[in-house]
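The values are calculated or read from the model by the stated rules, or taken from the named source; none is laboratory data. Every value quoted in this text rests on a predicted model; they were computed, and no experiment measured them. Cβ: placed from backbone, ideal geometry, glycine included. Neighbour counts: every protein chain shown.
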Amino acid sequence: MAIELTPLPLPASADPSKFVDFGREVIGVNPGDLTPEQFAEIYEALYKHSALLFRNVTLTPEQQYALTKAFDPEAESYGHGNNKTQSTNESILHPDLKTIPRVPQVQLIGNGIVTNHEGLATAALKHPSHKTFHKTVVSEEDESKGYTRFYRWHIDAALYDYNPPRVTTLYGITVPKGDSQTVRYDDGTGDELRVPLGTTAFISGKTIFEILPPELKSLAVRTSVRYAPHPYVWMSRARAMPTGLGIENEGLELPVEELPEWEQSKVETLPMLWKNPVTKGLHFQVHPCGAQELIVKALPEGASRQGALYPDGAHIKDLGQIRALLYKMQRPAIAPSLVYPHDWREKDLVLFHNRGVFHTVVGAFKPDQVRAFHQCNLAASDVPVGPTEEDVAKWA
Ligand SMILES: [Fe+2]
């Protein structure tokens, strides 16, 4: 039977014209047991459509690891290094991840008490809450009315020492039922988005780039981002914006001498735009929380200087300036009409192009709402490729 790809069902909030290529359900194939020919089709589809959904899947941790690794056969360790998040206690990712002992590249994530699970006697899981991360929080009264927030818009990436994973696989094993919730942006826009309980929300990095005005496209194609050493430790005392998109600029980052030991050679400097290896499109992929410096190249010869930002290039180190600029570039793309909130069913497997999308945990569960998911991504064997000379000539 041939592999069939059908568009994902979009919520009424979404603008279908912005999701023409984004997201497909894959029918007629077992993702745990693909032939090389079938995998080649899935590989193409993932890079073309950014997120693939398989329903009613039975998948062992070994199969999930094998599927994830097929996208990057030379990759070995989990995206943050195996057991790395456990040993770095200060990291803000520490409480969210439990490793499957048999397959340490696969993490158990979710909410509530899970027992006898793949070699884990008991795992106490906690769905990340905006209340432990944002500077301001939704009041308990509003929370009881179903209001919530995006937790943290991100790319799965250590952003230090390990290359950003190409693909993340998320497998929903136990999915609690419950009322939908309303994400409030709380940034003065009045934006709200109705979402299924415990959704994972996605936006396209390609859309982020496409909807930028020309002067910001020119800036994006010329800019690289330098991330802080041990970014998740660096930001551990800082608090996030109410949209979950970046950090409030309050000077709460750890000073360099308080960070765990680090080496300059492991600090990552990545292009702002990452080139899709199949479509050759450009995806705006900046993790706003960890960005510490922006390095802007001068306009190429012959480019118009009219209205150009930093026409002679710049090395921006002021966090306030960096964050304001990134927010201006990324905020339009989390508008309610541009968000795909996945409505999880048990046995859903979602694969997403981690170098082409952003995603976030959303909402809040009660302690007795048990959720168990397996997540896998692998620190990539290569660094993301930035814009080509032709791209710079076209957009700068
Ligand atoms: Fe993630």
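Please go through region 298-317 and pick out each residue that is surrounded by fewer than 16 Cβ atoms within 10 Å (Cβ to Cβ), assigned to a loop (DSSP other than H, G, I, E, B) and not polar (S, T, N, Q). Correct list: A298, P300, E301, G302, R305, G307, L309, D312, G313, K317. Among the residues of region 1-48, just one is aromatic (F, W, Y) and more than 22 Å from the chain's Cα centre (by Cα), namely F39. Cβ-Cβ distances below 6 Å connect the following pairs, each with a first residue in region 193-205 that is closer than 23 Å to Y327 by Cα, a second residue that is in a helix (DSSP H, G or I), and a separation of six or more residues or different chains: L193/P336; I203/A333; I203/I334; I203/L338.
Among all residues of region 326-346, there is none that is within 16 Å of the ligand (Cβ to nearest atom), modelled with pLDDT of 95 or more, of a type in the set (S, T, N, Q) and touching a Ser or Thr at 6+ places or on another chain (Cβ under 7 Å). Can you tell me which of G205, G146, G190, G244 is at positive phi and within 16 Å of the ligand (Cβ to nearest atom)? None of the others qualify; the one that does is G244. Looking across I100, I155, one residue alone is touching a Pro at 6+ places or on another chain (Cβ under 8 Å) and within 13 Å of the ligand (Cβ to nearest atom). It is I155.
Only residues in region 355-381 that are away from the ligand (no atom under 13 Å from the Cβ) count as the first member; pair them with residues that are part of a loop (DSSP other than H, G, I, E, B) and among the aliphatic types (A, V, I, L, M), Cβ under 7 angstrom, at least 6 apart or cross-chain, and list the lot. Close Cβ pairs (under 7 Å, with a partner that is part of a loop (DSSP other than H, G, I, E, B) and among the aliphatic types (A, V, I, L, M)) amount to G363/L197; R371/V175; L378/A75; A379/A75; A379/A158; A380/A75; S381/A75. Given the criteria of a type in the set (V, I, T) and within 19 Å of the chain's Cα centre (by Cα), does T68 qualify? Against the criterion (of a type in the set (V, I, T) and within 19 Å of the chain's Cα centre (by Cα)), T68 qualifies.
Counting only strands (runs of 3 or more DSSP E) that sit completely within region 318-390, zero hold 1 or more residues that are surrounded by fewer than 19 Cβ atoms within 10 Å (Cβ to Cβ) and in contact with a His (Cβ under 6 Å, 6 or more places away or on another chain).
Being touching a Pro at 6+ places or on another chain (Cβ under 8 Å) and surrounded by fewer than 21 Cβ atoms within 10 Å (Cβ to Cβ) is the filter here, so list the residues in region 139-152 that pass it. The answer is none; no residue qualifies. Being within 16 Å of the ligand (Cβ to nearest atom) and out of contact with any Pro (no Cβ under 8 Å at 6 or more places or on another chain), is that true of even one residue in region 209-223? For region 209-223, residues within 16 Å of the ligand (Cβ to nearest atom) and out of contact with any Pro (no Cβ under 8 Å at 6 or more places or on another chain): absent. Of the residues in region 165-187, not one is within 16 Å of the ligand (Cβ to nearest atom) and over 26 Å from R55 (Cβ atoms). Entry remark, region 16-30: residues being under 30 Å from S337 (Cα atoms) and in a loop (DSSP other than H, G, I, E, B) number 5 in total. Restricting attention to region 204-256, the residues that are under 21 Å from Y162 (Cβ atoms) and either part of a helix (DSSP H, G or I) or assigned by the TED database to the domain that holds A157 (or both) total 6.
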